[in-house]
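Q: Structure provided below as structure tokens; questions to follow.
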Amino acid sequence: MGLLAANDRFARFLLASLRTPFDSPTRCEGWTAHDVVAHVAAGSQELADLIDLALDGRSRPTRDFASREVPYRELSRLRLHLALVRQGLRVTWLLSRLERSGRTVEFTGTTMTAAEIMRHAESELVVHRYDLVGLDRTARRQLDNASLLGHARKVVGRMDLGVLPEPSDSDI
């Protein structure tokens with residue numbers, strides 16, 4: 001059910017992003033809705049690029065948030081949504097190939113299978129949908145999924161800190 005569930009989460013995130021004004025503040029401090037959508041689109045591209053390399057027997061380090069998100073933050077609302085859909089389709093297609101290949105991908109300093117990447121994508125989409133719309137009925141149901149939240153804690157705990165933004169003094 002991994003790919004099907006991830007696609008459902010993607011559709012729900014996309015719908016929420018289309019309904020949210022791009023200049024709206026979000027639950028991610030200092031980020032607008034535009035920034036959150038850029039983050040998800042850039043993350044989808046990064047995953048797709050890393051999977052593509054892995055399928056070819058190659059790898060490279062995961063790029064940090066800033067370098068991969070800047071081009072997406074500069075896009076208009078329409079172009080950003082088109083890029084989000086394009087990268088979502090691309091990563092879905094590559095994940096199905098990765099699953100069949102049995103290969104793994106180095107992502108943020110940890111080795112992940114196709115199933116783990118699908119779970120990570122689901123978790124990201126659920127959390128970032130909440131960032132856009134808050135705690136509505138869908139968010140309550142999705143955030144109540146212990147396996148998604150457990151995965152987020154596990155993966156973020158293993159992530160290379162160079163990929164994550166540095167915490168501000170208020171985060172400490």
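The values are calculated or read from the model by the stated rules, or taken from the named source; none is laboratory data. Please read these numbers as outputs of a predicted model, since none were measured by experiment. Cβ sites come from the backbone with ideal geometry, for glycine too, and all protein chains shown count toward neighbours. Note: accessible area is taken over every heavy atom of the protein model, side chains too, but ligands, DNA and RNA are not part of it. Shrake-Rupley method; radii C 1.70, N 1.55, O 1.52, S 1.80 Å.
Q: In terms of solvent-accessible area of protein heavy atoms at a 1.4 angstrom probe, what is the ranking of Y130, Y72, highest value first? The partial results should precede the final answer.
A: Numbers: Y130 70, Y72 15 Å².
From most exposed to least exposed: Y130, Y72.
Q: I've got another one for you. What do you get for GluC sites (Glu not before Pro) in segment 1-83 restricted to DSSP loop and a cutoff of at most 15 other Cβ within 10 Å of the site's Cβ? Please list the in-between numbers first.
A: Working: sites: E29, E46, E69, E74; in loops: E29, E74.
Within segment 1-83, the qualifying GluC sites (Glu not before Pro) (loop, at most 15 other Cβ atoms within 10 Å) are E29, E74.
Q: Label-point separation (nm) for L89 and S101, each offset 7 Å from Cα along Cα-to-Cβ?
A: 2.1
Q: Then there's this: Measure out, as a whole number of angstrom, how far apart the alpha-carbon centroids of segment 104-122 and segment 14-35 sit.
A: 26
Q: Which value, in debye to the nearest 20, gives the size of the charge dipole of segment 1-137 about its Cα centre, when Lys and Arg are +1 and Asp and Glu are -1 at the Cβ? Can you show the working numbers first?
A: Working: 19 positive and 18 negative charges, 76 e Å.
Roughly 360 debye for segment 1-137.
Q: While we're looking at this one, here's another question. Please give the solvent-accessible surface of T138 in Å², to the nearest 10, using a probe radius of 1.4 Å with every protein chain present.
A: T138 exposes around 20 Å² with every protein chain in place.
Q: Just to be sure I understand the curve: with the Debye formula and one point per C-alpha of segment 6-65, what is log10 I(q)/I(0) at q = 0.15, 0.18, 0.19, 0.27 Å⁻¹?
A: Evaluating at q = 0.15, 0.18, 0.19, 0.27 Å⁻¹ gives log10 I(q)/I(0) of -0.57, -0.74, -0.78, -1.09.
Q: Right, something else. In segment 20-45, which residues have a backbone nitrogen under 18 Å from the label point lying 7 Å from S76's Cα in the Cα-to-Cβ direction?
A: Counting only backbone N, you get 21-23, 34-35, 38.
Q: From zero up to wherever the largest Cα-Cα distance of segment 14-113 sits, split into 10 Å bins and tell me the percent of pairs in each.
A: 16, 43, 29, 12, 0
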